[in-house]
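Scroll down for the structure; my scribbles are underneath it.
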Amino acid sequence: MTTTTDPHIYTSLGALMALECEGQVPDFHGRLPRYSILAGPHATRLRGRGLTFDELRPYQPGDDPRHLDWRATLRTGQIFVRQYSEERDRPTLVVCDQRMDMFFGSCRVFKSVTAAELAALVAWAAFSAGDRVGGLVFNDQQLEQVRPHRSRTCLQQLFASVVRQNHQLHASNPVASKADRLDQALALCLAAAHHDHTICLVSDFSGAGAKTLHLLRQLARHNDVIALQVYDPIALELPRQGRIRISEGNVQVSLDIGRPSIRQPISDFLQGRLQEVATLLRQSRIPHLMISTGEATGAQFRQFLGAARRWS
């Protein structure tokens, strides 16, 4: 684990725990965009005994007599029963990408730090809504799973996994198969969340392909899935002049981006990667938000929740 304390490059357990106030969002689940109706303590359509009145309807043989509405029965001369929405627990899973591809930043912080902050904000928001919270944290070598619980100890364990993998990132690290590791994380998530989960995927989705799309569709079939794509602003607009140094491990190349013959191909490549991911996520029909490393993560998170209410 690195000893570097630069918060622009590496996060810390204290920093993630300190995001509790920013993550306390009123009506968190009511603000999330949804493409399906799922069971949970948030407007479920499953019937049963609960605390939320659903409807008044005529009595049917087999109905619980404790639910008879005597006022409506006496007023109309027909037997009526009161029906309630059943309250059920909905666990939240936060999937956080800490692969080497995330170890990059041209302004403010690295993508890996933004992903860690975003994962913490989602976890705190779900926790404040009363949900059990757990998650999956993965890099190029390992994948750690924290099972959902409704406790601060569980959140601290999840954040510790994020910090541990975040601090393992280094420019000299080897880069494994990006697509395989992402798909492995989604497959494990699918095994852990059979139905009725809220799943927040925090990644740059580098290496996503046909298998990734298949897994996303499977996840979204019985769960609410939200994709939060972390990107660096340089992918949208390269500087017009100067030199940039590109490094992968021990190999470094300095490029003069003031030359159109160099700048344009790099710009096309970076923008093309973002577009490919956006197209794949649209095909999966999963709500998708792009989070920039160049702006405060908390502000973008709150803006996302405000926009999500209009999407629902």
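Taking all protein chains into account, the per residue accessible area for the range 164-220 stands at 39 Å² (1.4 Å probe). For the range 101-148, carbon and sulfur atoms together expose 48% of the accessible surface, with a 1.4 angstrom probe and every protein chain in place. Solvent exposure of the range 63-149, expressed per residue, is 40 Å² of accessible area, with all protein chains present and a 1.4 angstrom probe.
Subtracting the Cα-Cα distance of Gln141 and Gln78 from their residue separation scaled by 0.36 nm leaves 16.0 nm.
By definition, a body whose alpha carbon gyration tensor gives a ≥ b ≥ c is oblate when a/c is 1.5 or more and a/b is not larger than b/c, and the range 99-170 fits this oblate description. The overall shape of the range 139-221, judged from the alpha-carbon gyration tensor, is oblate: a/c is not under 1.5, and a/b is no greater than b/c.
Each residue of the range 204-219 was assigned a 3J(HN,Hα) from its phi angle through the Karplus expression (A = 6.51, B = -1.76, C = 1.60, θ = phi - 60°), giving 8, 6, 5, x, 5, x, 4, 5, 4, 4, 4, 5, 4, 5, 5, 4 Hz with x at Gly and Pro. At an R0 of 25 angstrom, the distance between the Cβ atoms of Ser151 and His194 translates into a FRET efficiency of 0.65.
Derived scalar couplings between HN and Hα for the range 141-158 equal 10, 9, 9, 10, 10, 10, 6, x, 9, 9, 7, 5, 4, 5, 4, 5, 5, 5 Hz in order, rounded to whole Hz, by the Karplus curve 6.51 cos²θ - 1.76 cosθ + 1.60 (θ = phi - 60°), x for Gly and Pro.
The length gained on full extension between His8 and His214, counted as 0.36 nm times the residue separation minus their Cα-Cα distance, comes to 70.7 nm.
The values are calculated or read from the model by the stated rules, or taken from the named source; none is laboratory data. Given the structure is predicted, the values throughout are model-derived calculations rather than measurements. When we count neighbours, we look across all protein chains shown, and the Cβ atoms used for this are built from the backbone with ideal geometry, even at glycine. Accessible surface areas use protein heavy atoms only, side chains included; no ligands, DNA or RNA. Shrake-Rupley method; radii C 1.70, N 1.55, O 1.52, S 1.80 Å.
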